[in-house]
Each structure stands twice: as structure tokens, then as C-alpha cells.
Amino acid sequence: MITAIGAKPKRVIQNIKYLKPEKLVVLNQLKEGWSEKNREYKENVLNKFYRNRYIKALNEKKRLDPWPVEDLTDDDKFFHQLFRLLKKYADYPSIHIDTTAMPRRSTIIATVVASMFPNVNCWAAGKKGYGRYSLQSYPNPDEKGSDPVMIPLLRRDISLLQDPNKVTCQVFKAVYNEFLNRQKRGLEHIVINKSFISQTLKDLKDKRAVTQAFTALENDGWLIYEGMDNYTLSPFAICLGALFEEEKEVKYEEQAYIKELVAEKEDAIQRQVQRFKTYPNMDEERIKNWLLQFPSRDYAQAAFKLLERVEYIDTQKIRGFIQDFYEKLSQNEKEKAVFVIMGRLGDSSDLVLYYLSHEVKGLKFSQLEDVLTRGSTVTIFFLDDCLISGTQSKQIFDEWLGMAPSSKYVTKLTDAQITKLKQLDMRLHVIVGTEEGKKDLTEYLQKLGCTISITASRNLKQELDSCFVWGSSPSGVFDSKEEMESAKQKFHILCKMILRARAQKEGWSTEKLEKNCLGYGNWQLLLVFEHNTPTATLPIFWEHAYLDGKEWLPLFPRR
């Protein structure tokens with residue numbers, strides 16, 4: 001049973017007692033809705049719910065699963081979160097979604113998602129004589145004299161959109177494709193005319209069937225009529241269209257075929273184990289399990305080729321890079337240098353400085369605030385592992401200078417400290433960096449009145465280091481350009497699915513997800529540090545996710 005806690009938990013608890021579920025999933029809304037109006041009230045409601053004897057008993061028996069939902073009023077986020085949840089519990093013979101405490105739009109979304117699963121039903125608590133299919137509101141079943149009943153909600157005909165032989169499916173696909181085309185051009189409120197779709201579907205000679213299809217799609221809520229034969233896609237139709245596009249292209253094979261590949265790669269896997277021997281908990285079983293997660297043998301084979309070309313930078317290499325960097329400094333630079341963490345204690349900058357302190361004795365280390373209170377003129381040196389786009393570095397400087405709305409990494413400097421910071425010479429050296437990232441950060445800080453010089457031990461170039469650029473070093477693993485393009489298409493789809501939960505959590509737009517699905521900035525890197533993995537690396541290597549209800553365990557998870 002899947003339910004949500006509303007402002008009156010007694011109603012929900014009564015429904016739970018009525019159904020006596022084997023497993024209870026509670027959707028905990030993190031923001032918006034009733035929970036945002038009064039935080040103290042929300043806390044009291046939740047405490048009453050979870051202190052209830054029946055709920056406590058379910059929890060003690062490990063039959064209660066609290067499931068965080070960021071925002072029940074966000075159609076796209078709620079749609080995909082609920083879909084993943086139903087995939088996770090797809091093996092249960094019967095699943096009930098209690099929409100009693102859900103907002104109206106969430107209730108509609110729930111009926112759409114539930115209609116995709118034959119074993120899922122939606123209902124709400126009402127009372128005898130109450131409107132059977134109303135989605136507006138429900139009476140309190142605890143009212144004296146009321147007789148609560150389970151009111152089933154209408155299922156939607158998903159076959160209208162799935163069966164390619166149906167005109168409704170062809171019309172919906174044409175509308176959805178045109179929606180995507182116009183969305184890519186930056187249009188916001190997208191309205192599509194029926195005559196335009198009729199011209200697109202030239203093979204359909206029966207124009208009356210097209211008109212009937214539009215009517216059927218409108219009646220079932222997939223299309224919204226705007227007047228003058230103009231239509232828009234409903235929010236949940238957009239969600240469903242995106243889901244269909246992903247699922248139809250990722251074809252799952254029997255795992256036996258992938259196991260055959262893993263057996264064939266036994267010796268090659270052993271070589272990778274040896275290559276990554278300094279990576280925490282790396283062994284043969286871990287690589288095999290990672291490969292077995294892929295949808296097909298072709299996917300797994302392409303993934304292993306990419307793994308073989310991953311550039312691995314362990315602690316020994318990092319120490320070699322930073323020692324070489326320090327030795328190239330002039331004597332005057334060394335005497336004036338004060339090394340400062342860029343970010344929080346325990347972050348990558350702190351780790352690289354720790355390695356430097358073990359390679360070179362007698363260096364001066366300090367907190368930035370302490371450096372800026374001294375009267376002497378020094379050169380501030382920051383060290384870090386990588387600089388790809390410079391986004392995190394910009395955020396840190398914004399926080400120091402008091403330009404960020406909140407502090408995630410560092411605290412704001414005083415006005416006097418900010419003035420001193422802008423007067424001092426600053427240097428940033430990274431183990432791996434891009435020309436674009438260095439240039440962008442330098443220009444950004446110049447506009448803020450800061451002077452910084454940025455260098456890197458290893459300079460990346462997208463035309464040389466991206467794995468899906470033909471002729472580049474990493475893509476030399478592919479035997480032909482056609483093979484590389486095929487692999488790129490496959491991983492574009494899979495990586496987008498893997499990143500979807502992160503995109504929803506962080507509120508990415510569809511365009512931002514597209515721009516980051518092959519690694520942030522679509523850098524398509526094959527780069528792994530012993531202590532962490534850059535987000536510019538392909539997400540199949542570092543992101544934890546759920547695909548079709550199954551957990552995706554990355555080979556090199558981010559920490």
C-alpha cells in the first residue's frame with residue numbers, strides 16, 4: 001500500500017487499518033503543500049502518525065518504508081518518483097495507492113502511473129452516497145455517523161498511446177515529437193494545430209480518424225484543447241512521452257548473454273582489477289557485478305571498452321604531480337607562498353594539500369581568514385584535484401565575497417577581509433584542468449575584482465579527451481566511427497535514465513539534463529581519482545540510481 005500523510009493523519013491511519021497491507025510505503029512530502037504552511041504543525045502531525053501503535057508495529061516488523069517525495073505538486077518529479085517506486089515493488093501481486101491525502105493534481109498523476117501497471121489500483125476514502133469519481137475533496141471518515149468506503153478511481157487507457165496500430169498512438173507520437181522540436185528551439189507555451197499534425201501524418205488518408213483520435217486523447221486528458229483546433233500536451237502526457245522514449249530504446253536481454261561476455265572477459269577483468277588495485281574495495285566480483293547491471297551484451301561490451309580506457313589517478317600519481325608543481329616554483333614564490341584550503345575541511349582541496357605537506361616539509365598552511373588578518377604581503381596558493389567547468393570554485397568565491405544566498409562550503413568574509421583578498425596575488429593549481437574552465441574562472445573573478453593565476457598538471461581538451469569524439473585518445477578503443485556513434489547513442493539514453501533522480505532532486509530542466517547526461521557539461525570524460533570521481537566522467541561510473549526498480553551500483557561512486 002502506498003499513501004501520503006495529509007493534515008489529518010487519522011483518516012490515513014484508518015485506511016491503513018482497513019487494508020492491513022503486507023508493506024506500507026509512506027510518501028513524505030519534503031516541501032510545498034500543507035507542510036510548508038506551518039512547520040511546527042507538520043512536525044506534530046508526523047509525530048502523531050509515527051507514534052500511532054499500529055504504525056509503530058508495522059515499523060518494528062520492518063513493513064514500513066518512508067519514501068521522501070520532494071514536492072507532490074511538481075508533476076514531472078512526482079510522476080517519475082512514483083513510477084520508480086512502483087517499479088521497485090512490481091513483484092507484489094497487488095498494490096494499492098491511497099490518494100485520500102494527496103492534492104488533486106497528484107491524484108490525477110497517480111491514476112496515470114497506476115494505469116501503466118496491471119497490479120496497481122488507485123482509490124480514496126469517502127462515504128456512502130458520495131460522488132464515486134470525484135477528485136475534488138473527501139469527507140472525513142471519522143465524522144460521527146459516517147460510513148467510510150474505498151472509492152476506486154478511473155484507470156486510464158494507456159494503450160491509446162502504446163499501440164502503434166492505433167491512430168491515437170500515431171497522433172500522440174506526432175504531437176509529442178513536434179513538442180520536443182519546438183522545445184529545443186526555446187519555445188515555452190507550445191500550442192500545436194490539428195491541421196499541422198494531419199499534414200505530418202500523410203499516410204493516414206482517413207482524416208476523420210485523426211479528428212476522432214484528437215477527441216479521444218482530449219477526453220482522456222492527454223491533450224488540452226486551446227481553441228481554434230489548437231492543442232497542448234497535458235503535464236502528465238509530457239512525463240509519459242519522455243518515459244516511452246527512454247523505455248522503447250533500452251532493450252533488455254536475458255542476463256545469460258551478459259554472463260557469457262563476463263566469462264569471456266575473465267583475463268581482461270583481472271587486468272583491470274590489478275590496474276585499480278589501490279581503489280577502495282576493488283575486486284573481480286565488483287567489476288563483474290557492475291557489468292551484469294547493463295541491459296544487454298552490447299551495452300556491457302561497450303562499457304567494458306570504456307572501462308579499459310579510464311584514466312586512473314591514484315595517490316602516488318597525485319603526489320608526483322604536486323611535487324613537480326612545487327619544484328617548478330621560483331625561490332621567491334616559495335618564500336611568499338601560503339597554502340590555503342579552497343572549500344571545507346575534508347574536501348578534495350584539503351586532501352591535495354595534505355599530500356603536499358607530506359612531500360615538502362616546512363610549508364606554511366593557513367585558513368584564509370587568518371591570512372587576510374595579517375599585515376604582510378603573501379601569495380595565496382589554492383590546490384585542488386580538478387577544474388572542469390569551475391562551477392564549484394565560483395560558488396566558493398561567491399560565498400567568501402557574500403554574493404551567495406546561502407553558505408554550502410565556506411562562510412562569508414568580513415568587509416575588511418574581502419578588501420584584502422582583492423589586493424593579494426592568488427594562485428590555483430589543479431591536478432587536472434580544462435582550458436575552458438581555467439579561462440572562465442579567471443574572467444569571472446576578474447569581474448569581481450580578484451586576481452588569480454590558474455595552472456594544471458594535466459590539461460584536458462574536449463576534442464582529445466572526450467570518449468565519444470572520433471579520433472580522440474579515449475575513443476581509440478572503438479574499432480570504427482559507426483561503433484562509437486552507436487555506443488554514444490546507447491549511453492546517452494542510459495546515462496539520462498541514471499541521472500534522472502538527481503535531476504529531479506536538484507530541479508534541473510529537461511535542457512539541463514540533456515547537457516549533463518554524458519557527464520556534467522557533456523564532457524564525456526573517462527577520469528577517476530583514487531579518492532573521488534569527477535561529475536564530468538560518464539555517470540555509469542559514479543552515479544547511484546534505480547532503473548526499472550533495480551538498484552544501479554556505480555563502479556566508482558562519488559563521495
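The values are calculated or read from the model by the stated rules, or taken from the named source; none is laboratory data. None of these values were measured; they are calculated from a predicted model. Here Cβ is always computed from backbone atoms with ideal geometry, including for glycine, and neighbour counts include all displayed protein chains.
Taken over region 387-402, residues that are within 14 Å of G521 (Cα to Cα) and not in a loop (DSSP other than H, G, I, E, B) amount to 3.
Looking at A110, A101, A90, just one residue is surrounded by 21 or more Cβ atoms within 10 Å (Cβ to Cβ), at pLDDT 65 or above, not in a helix (DSSP H, G or I) and not basic (K, R), and that residue is A101. If the condition is being more than 19 Å from T434 (Cβ to Cβ) and over 13 Å from the mean Cα position of the chain (by Cα), then region 536-557 contributes D548, G549, K550, E551, L553, P554, L555, F556, P557.
Pairs meeting the criteria (first residue in region 315-340 and surrounded by fewer than 16 Cβ atoms within 10 Å (Cβ to Cβ), second residue outside any helix (DSSP H, G or I), beta carbons under 6 Å, at least 6 apart or on different chains) are T315/E530.
Of all the residues in region 2-25, those that are assigned to a loop (DSSP other than H, G, I, E, B) and in contact with a Lys or Arg (Cβ under 6 Å, 6 or more places away or on another chain) number 1. If a residue has to be assigned to a helix (DSSP H, G or I), surrounded by fewer than 17 Cβ atoms within 10 Å (Cβ to Cβ) and in contact (Cβ under 8 Å) with a residue 24 or more places away in the chain to count, how many in region 201-225 make the cut? Looking only at that region, the number is 2. The residues listed here are D220, D229; of these, the one that is of a type in the set (D, E), outside the structural domain of T73 (by TED's automatic domain parsing) and within 30 Å of L153 (Cβ to Cβ) is D220. Within region 403-432, take every residue that is at pLDDT 90 or above, assigned to a loop (DSSP other than H, G, I, E, B) and hydroxyl-bearing (S, T, Y) and give me the one that is farthest from F339 (Cα to Cα). Selected residue: T414. Considering only residues in region 164-200 that are of a type in the set (S, T, N, Q) and not in a helix (DSSP H, G or I), the one that is surrounded by the most Cβ atoms within 10 Å (Cβ to Cβ) turns out to be N193. Once region 352-368 is narrowed to residues that are assigned to a helix (DSSP H, G or I) and in contact with a strand residue (DSSP E or B) (Cβ under 6 Å, 6 or more places away or on another chain), the residue that is farthest from I341 (Cα to Cα) is V352.
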